[in-house]
Amino acid sequence: MALSSNTSTVRLTSTGPATHIRVTINGTAVEADVEPRTLLVHFLREQLGLTGTHIGCDTTSCGACTVHLDGKAVRSCTVLAIQTDGRAVRTVEGLEEGGKLSPVQAGFTEQHGLQCGFCTPGMMMTATAFLQKNPNPTEAEIRDAIRGNLCRCTGYLNIVKAIQSAAEKMRAPGGSP
């Protein structure tokens, strides 16, 4: 099930002992029964089918599972799904704006900020949250912001360029994160 930015409600159920949660995912109200020990990353991927959020290390070391929780970048491998009750979650699938790539997505595409793509969703989510706080970052600030996101392919140079490009797009008239 791909959730886009709309206001419909989705109802999901579980087969085991569960806790009922209500959470907004990418602008869509979702009600679900989840086992209390279910991690947010597994809820997103397995129950909602939002597979853009990747499972990397399960220890917060790689950043592949980064999502936004109430606007803040968090590692979904260490957040329980029940902790999102009454809150808003944004995944990489929710970055697009009106069917168009967000400035961060466009930056990664135009500047070749991805190679295998495994780290890309987490990098994009980290970059989006960072640029909302710092719309005019230096290269050093960008490198510091993404230091917790591991990439084994690109050497980071094009990722930094992608984030710089996104920042320029966001500062332009009509730009948004």
Output the number of residues of segment 107-126 satisfying the condition of being farther than 14 Å from Val67 by Cα and under 15 Å from the mean Cα position of the chain (by Cα).
3
Residue hits (segment 144-177; farther than 16 Å from Thr66 by Cβ and polar (S, T, N, Q)) are Thr154, Asn158, Gln164, Ser165, Ser176
Answer from His42, His54, His68 - the residue that is out of contact with any Ser or Thr (no Cβ under 7 Å at 6 or more places or on another chain) and in a strand (DSSP E or B)
His68
Answer yes or no as to whether Thr120 is surrounded by fewer than 15 Cβ atoms within 10 Å (Cβ to Cβ), at pLDDT 95 or above, in contact with a Leu (Cβ under 8 Å, 6 or more places away or on another chain) and under 18 Å from Ile163 (Cβ atoms).
no
Go through Thr38, Thr51 for me and flag whichever is modelled with pLDDT of 95 or more and crowded, with 19+ Cβ neighbours inside 10 Å.
Thr38
Inside segment 74-85, can you point out the residues that are surrounded by fewer than 22 Cβ atoms within 10 Å (Cβ to Cβ) and in a strand (DSSP E or B)?
Val74, Leu80
Among the candidates Ala106, Ala29, which residue alone is surrounded by 15 or more Cβ atoms within 10 Å (Cβ to Cβ), of a type in the set (A, V, I, L, M, F, W, C) and assigned to a helix (DSSP H, G or I)?
Ala106
Test Gly99 against the criterion of being touching a residue at least 24 places away in the same chain (Cβ under 8 Å), surrounded by fewer than 21 Cβ atoms within 10 Å (Cβ to Cβ), over 16 Å from Gly52 (Cα atoms) and not hydrophobic (A, V, I, L, M, F, W, C), and give yes or no.
no
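A quick yes/no check of all residues on (1) of a type in the set (A, V, I, L, M, F, W, C); (2) closer than 18 Å to Arg147 by Cβ:
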position	(1), (2)
Val30	yes, no
Gly56	no, yes
Lys72	no, yes
Gly117	no, no
For the condition buried (at least 17 other Cβ atoms within 10 Å of the Cβ), in contact with a Leu (Cβ under 6 Å, 6 or more places away or on another chain) and under 20 Å from Arg75 (Cα atoms), what is the one hit in Thr91, Thr126?
Thr91
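The values are calculated or read from the model by the stated rules, or taken from the named source; none is laboratory data. In this text, all values refer to a predicted model and were calculated from it rather than measured experimentally. Here the Cβ is made from the backbone with ideal geometry for all residues, glycine too, and neighbour counts use every protein chain on show.
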